[in-house]
Amino acid sequence: MSTFQELGLNDLLLQGITDLGFETPSEVQEKAIPILLNEETDLVALAQTGTGKTAAFGFPMLQKIDVDSRTTQGLILSPTRELCLQIANEMKAYGKHLKGLNVVAIYGGSSITDQAREVKRGAQIIVATPGRMKDMISRRLVDITKIQYSVLDEADEMLNMGFKEDITDILSGTPDDKNTWLFSATMPKEVARIAKNFMVEPQEITVGHKNESTSNVSHEYYLVNARDRYQALKRLADANPDIFSVVFCRTKRDTQKVAENLIEDGYSAGALHGDLSQNQRDIVMKQFRTRQIRMLVATDVAARGIDVDDVTHVINYQLSDEIETYTHRSGRTGRAGKTGVSMVIVSKSEVRRLKSIERIINKKFELKEIPNGMEICEVQLMSLANKIHNTEINHEIDKYLEEINGLFEDTSKDELIKKFFSVEFTRFFNYYQKAKDLNVAAGDPNREGRTSSGNAARYFINVGEKDGFDWMKLKDFLKEQLGLGRDDVFKVDCKDTFSFFNTEKEHQEKVLAFFTDFKYNGRFVNVEITEDKPNRGGRGRGRSGGGRRRDGDKRRGDRRSSGRNNERRGRRSEGSNDNRGDRRRNNDDNSKSRSRRSDGGDRDKSEFKTTHSRPRRSRR
Ligand code: ADP
Ligand code: MG
């Protein structure tokens, strides 16, 4: 592995790299930067999202342009406004120490005259969407006749979005001897054709599928009836209290609807799609980046390339029609060395499509179960307990202590804890105790035998992600420790500080015996039976016992009409200092008032056409 210095970058850029905290070049950077620095050549680079393509073309371009000149020398075309802004910001950060550098982003939906003014001040590099770029050229607001370097970023996506003609027109107005660098995640025929028609003997580099970011992602699917999709989504969110996710839908309409429903149900969600105005999309993205929105519901186009770190889950609410899209979606998580989960909610008729995806990602999907009500209550309770445990005391409270203590004079610590937790727990419990099983039996006879024979034991174990596990590692660990076979430990769900897993009942005694006296990292590991799933639809009894109705599962507690209200009451308040009452009022206020306004000047042929509606407030 080489260093950035060895790739031939100059000191000013190396300073920028140090400021950014980049330590080693990524694979595509390692391959592309020396070529682009040392040769005047065209280049085709194939690499997945999240592999660091911006820097791969950005650093060479920055090193090669003349910042003392005010002529536009570099042009970067990219499919969406979000990407334009993102690339422009990255370029500015990379070139922070280059005095006089001026990078300008131009895209539809913002004032064209403002952008023209910025260009006029002397932009050495322009980052543009094809639609707006063409507009500016035809109005003679930009001069790209002296371009030396042009980049087609996310070329496959630009072509998908119908920008082919615009790109052709734009490039025809640039010098023949410029260099063109094309970056793409895939190489469909149209991209190959562009390369052939517009490039001269391009060098080619391909970055292997198995880059670090994608191998950190585990792929899971959940089999439900199509009508239960939304309920399943909510449960997945509830079962992961610290979720920070992108939820993908197929259409703008579904995207908007799912986001609205989530907001109404008390989740911190927001929609991102092309029917929103530019301004609204900016607001949503900002809220997402600052974690005010924890579930970003998005279309593929709107979310393409968006680079937000620490996304814990990608949820495929619906699969896209094009299977290739899946890799872009799952690439939103597991970035920067973190692990991530890509979940797919499918109905039986869609299950076959997973096979095709598996061939592309070269990985297997694991069938997982939508957690049942008690499991969610348990997760929420433990999450709350951990949060309280880790909360720093706010001494502003001290002055009220006397009064509070007076109130609880006769309450024991034990009782106090129970009461305290009941405040949260009861709301969840009330909602979920009647919730039905959403899982549909899979076609896999192996699994089905297991779950419907009633022969499985489910365990709670007090190790989790905090101990360095994910479900795969934990599964391996358990199998190894217990000396069990390949498929003997299953349905492993790894949470923050604890996890669940199943074995056949026949192993139960062995499992419990093993963990009576077992230490991991110096801590006693506690394993308890949490619930057996006698058959699908059977409600487990929680470890908390508590005489719940055995027939609970037959009642459709998830029904939309009543369910939603219950759910509202039952919603968690992670980040619990929020003001739930206010939030709900805001949501209600905004939810029905949608105005339209037209979007002058945005000719991008993306889904970003007309705009409407004010952004919906998400909770803060
Ligand atoms: P792509 O265009 O391939 O999807 P980006 O260029 O957007 O990927 O890069 C993804 C993220 O990785 C960005 O946040 C970027 O700042 C970061 N990044 C890029 N190169 C490096 C590197 N060598 N070391 C650490 N982080 C990097
Ligand atoms: Mg990119």
Filter result for the condition that a residue is within 16 Å of ligand 1 (Cβ to nearest atom), small (Gly, Ala, Ser) and either surrounded by fewer than 18 Cβ atoms within 10 Å (Cβ to Cβ) or under 30 Å from the mean Cα position of the chain (by Cα) (or both), over Ala56, Ala116: Ala56
Count of residues meeting criterion [within 16 Å of ligand 1 (Cβ to nearest atom) and closer than 19 Å to Met187 by Cβ] in the range 123-159: 8
The range 442-472, subset modelled with pLDDT under 80 and surrounded by 14 or more Cβ atoms within 10 Å (Cβ to Cβ), residue farthest from Val224 (Cα to Cα): Asn455
Residues of the range 325-338 that turn out to be part of a loop (DSSP other than H, G, I, E, B) and among the polar types (S, T, N, Q), as a count: 1
Filter pass, Ala192 being of a type in the set (A, V, I, L, M, F, W, C) and within 16 Å of ligand 1 (Cβ to nearest atom): no
Some residue of the range 174-186 being away from ligand 2 (no atom under 16 Å from the Cβ), in contact with a strand residue (DSSP E or B) (Cβ under 6 Å, 6 or more places away or on another chain) and within 21 Å of Leu13 (Cβ to Cβ): yes
Some residue of the range 34-50 being within 12 Å of ligand 2 (Cβ to nearest atom), buried (at least 20 other Cβ atoms within 10 Å of the Cβ), on the phi > 0 side of the Ramachandran plot and of a type outside the set (A, V, I, L, M, F, W, C): yes
Residues satisfying the stated conditions in the range 357-416, i.e. within 28 Å of Glu220 (Cβ to Cβ) and either in contact with a Leu (Cβ under 9 Å, 6 or more places away or on another chain) or not in a helix (DSSP H, G or I) (or both): Ile357, Asn362, Lys363, Lys364, Phe365, Glu366, Leu367, Lys368, Glu369, Ile370, Pro371, Asn372
Qualifying position, being surrounded by fewer than 24 Cβ atoms within 10 Å (Cβ to Cβ) and closer than 23 Å to Ile345 by Cβ, among Val297, Val301: Val301
Selected residue (only one of Glu82, Glu30 is farther than 21 Å from Lys146 by Cβ, within 27 Å of the chain's Cα centre (by Cα), more than 13 Å from ligand 2 (Cβ to nearest atom) and crowded, with 20+ Cβ neighbours inside 10 Å): Glu30
Qualifying residue in the range 59-70 (condition: within 25 Å of the chain's Cα centre (by Cα) and within 16 Å of ligand 2 (Cβ to nearest atom)): no
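One line per residue, one yes/no per condition, for (1) touching a Phe, Trp or Tyr at 6+ places or on another chain (Cβ under 6 Å); (2) on the phi < 0 side of the Ramachandran plot; (3) surrounded by fewer than 18 Cβ atoms within 10 Å (Cβ to Cβ):
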| site | (1), (2), (3) |
| --- | --- |
| Ile376 | yes, yes, no |
| Val379 | no, yes, no |
| Thr391 | no, yes, yes |
| Asp398 | no, yes, yes |
Selection count where residues are closer than 25 Å to Val301 by Cβ and without any contact (Cβ under 8 Å) to a residue 40 or more places away in the chain, scope the range 161-190: 8
Qualifying residues in the range 93-113 (those that are in a helix (DSSP H, G or I) and surrounded by 18 or more Cβ atoms within 10 Å (Cβ to Cβ)) - the one nearest to ligand 2 (Cβ to nearest atom): Tyr94
Yes/no for Asp66 being more than 12 Å from ligand 1 (Cβ to nearest atom) and acidic (Asp, Glu): yes
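The values are calculated or read from the model by the stated rules, or taken from the named source; none is laboratory data. Remember, it's a predicted structure, so these values are computed and weren't measured experimentally. Note that we place each Cβ from the backbone using ideal geometry, even for glycine, and neighbour counts take in every protein chain shown.
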